[in-house]
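Structure first, commentary second.
The values are calculated or read from the model by the stated rules, or taken from the named source; none is laboratory data. Computed from a prediction, not measured in an experiment: that's the story for all the values here. Please note: Cβ atoms are built from the backbone with ideal geometry, for glycine as well, and neighbour counts cover all protein chains shown.
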Amino acid sequence: MQFSQKNAKIFMHVDGDAFFASCEQATNMQWRGKPIAVGRERGIVTAISYEAKALGVRRPMSQTALSREFPQVALLASDYRKYELFSERMKSIVRRYVSDISEGSIDECFADVSSVTTWSDVRGFAKALQEELCIKLGLTISIGVGPTMTIAKIASGFKKPRGLTIVTPENLDMLNSVSLRKVPGIGGRTEQKLAEQGILTIGNLLALAPHEIERRYNKPLVELAYELRGTSVRGIEARENAQSVSSIQAFMEPIIAFAPLLTEFSRNIERVCRKLRTQHARMHAVTIGYKAFPDIHTLVTYTIKCPSPTNDPGTIMQLAEEALHAMYRKGVRYRAVYVGTHGMLESAAQQKLFTTAEDETEEKRNTLNDVVDTLMYRSGGLPLERASSLRPKQTRSEEDTGTPLLKIPHSNKILNIPYLGTIQ
């Protein structure tokens, strides 16, 4: 297996520090600088602030153990809607610096910045991005830069929080002492097998000749070794190659009433359509679905064919609402909603000899979407929602009378994002 080092790329990994806990601290003054953890609705610690880590709090500690050993640490309920908004805004800001990114998980993304900077200038480029992210999000971000995606991800973890580490093709030796446990793609079983062979660090692995690694190990580990040597094997996936876009949103508390459930579908449809527009794509069909108690692991879905390819949330909502009325069951405690696309294709302007009323309506919708996308872009990802996404309150007769998902009172608040930027 041969990989060329010609035209070496520059990859960047952007990573939110203690992301869930940091989002809570960014939106609530009382938690800033305080030890907190997230995961109260599950009864275990799922995320930890740096202040709590310094005390010795670890995952997955039970709520009982946390209260007994660290009574000064507040355990908060997860707010995935909030984390999604911060994630969308973070990635929107990154896209202002480089168009094509790979989103990774909710708190991270990769970018190939080879076309917008050089090795001699990349530190200033990354520093400017990091400063804007920290100011506009109100939380800390770590960035790693390297000649491969694997090295960039390792580098982002070097100096957390708010670290900036650059590993150039000339200083790859700085990785030699890094434990294989910190290498993305090496799981516990692989780490154990390598340890039995005396291979504990990146330096130990790369001490083997490439042909020896190819003889001993499977393709994923061989490719990983090339990445660690500075030869890029795993690139940013081209947006046009994406086959689908989907979003699933879990609720902190079960939803019973139809109107709030419809609102959550509206939000998810907006999110999916926004992703389609960033990829200059449209969908032929949409699948909507939900998870509900007691079988919260089963996803019930329904697929709707679009009359014509679209990426407009208003059009999809009109199609989805009728199906949702048919799917909705009174008294059911809904846990999550799902929206996914099918038959994606690249958007293209179509020339028509005659303009119909439907064409004029579509043009107005496209104009509205362009305005929304422009506002979000200029404001660094400021979340904008349609009126259909404003969640109504459940009436007393519609409230959940069963066991709540959360054991504490909770009320959603508008995010207090510190700096929204200037829209000109």
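Observations, loosely collected:
- Within this structure, K330 fails the test of being exposed (fewer than 14 other Cβ atoms within 10 Å of the Cβ), among the basic types (K, R) and part of a strand (DSSP E or B).
- Yes/no for E103 being modelled with pLDDT under 85 and touching a strand residue (DSSP E or B) at 6+ places or on another chain (Cβ under 8 Å): yes
- Residue within the stretch 52-73 that is closer than 30 Å to L276 by Cβ and surrounded by 16 or more Cβ atoms within 10 Å (Cβ to Cβ) present: no
- The residue list T287, T298 contains one member that is loosely packed, with under 14 Cβ neighbours inside 10 Å, hydroxyl-bearing (S, T, Y) and in the same structural domain as V339 (by TED's automatic domain parsing), which is T298.
- Of the residues making up the stretch 279-327, those that are of a type outside the set (A, V, I, L, M, F, W, C), outside any strand (DSSP E or B) and within 15 Å of S247 (Cα to Cα) are N311, P313.
- Test: V145 is out of contact with any Gly (no Cβ under 7 Å at 6 or more places or on another chain) and either touching a residue at least 40 places away in the same chain (Cβ under 8 Å) or closer than 23 Å to S105 by Cα (or both): yes
- Yes/no for L224 being in a loop (DSSP other than H, G, I, E, B) and either in the same structural domain as G144 (by TED's automatic domain parsing) or on the phi < 0 side of the Ramachandran plot (or both): no
- Any chance I202 is touching a strand residue (DSSP E or B) at 6+ places or on another chain (Cβ under 9 Å) and touching a residue at least 60 places away in the same chain (Cβ under 8 Å): no
- Comparison of V183, V98 shows that the only residue that is crowded, with 17+ Cβ neighbours inside 10 Å, modelled with pLDDT under 95, within 26 Å of I199 (Cα to Cα) and outside the structural domain of H280 (by TED's automatic domain parsing) is V183.
- Residue in the stretch 79-93 that is in a loop (DSSP other than H, G, I, E, B), among the charged types (D, E, K, R), crowded, with 19+ Cβ neighbours inside 10 Å and touching a residue at least 12 places away in the same chain (Cβ under 8 Å) present: yes
- Residue that is surrounded by the fewest Cβ atoms within 10 Å (Cβ to Cβ), among those in the stretch 104-128 that are over 20 Å from A8 (Cβ atoms) and touching a helix residue (DSSP H, G or I) at 6+ places or on another chain (Cβ under 6 Å): I106
- Any hit, the stretch 77-85, residues being under 21 Å from A21 (Cα atoms) and in contact with a Cys (Cβ under 7 Å, 6 or more places away or on another chain): yes
- Restricting the stretch 241-285 to residues that are farther than 25 Å from P309 by Cβ and in contact with a Gly (Cβ under 8 Å, 6 or more places away or on another chain), the residue that is modelled with the lowest pLDDT: P254
- Condition check for A26: over 30 Å from E223 (Cβ atoms) and surrounded by fewer than 19 Cβ atoms within 10 Å (Cβ to Cβ): no
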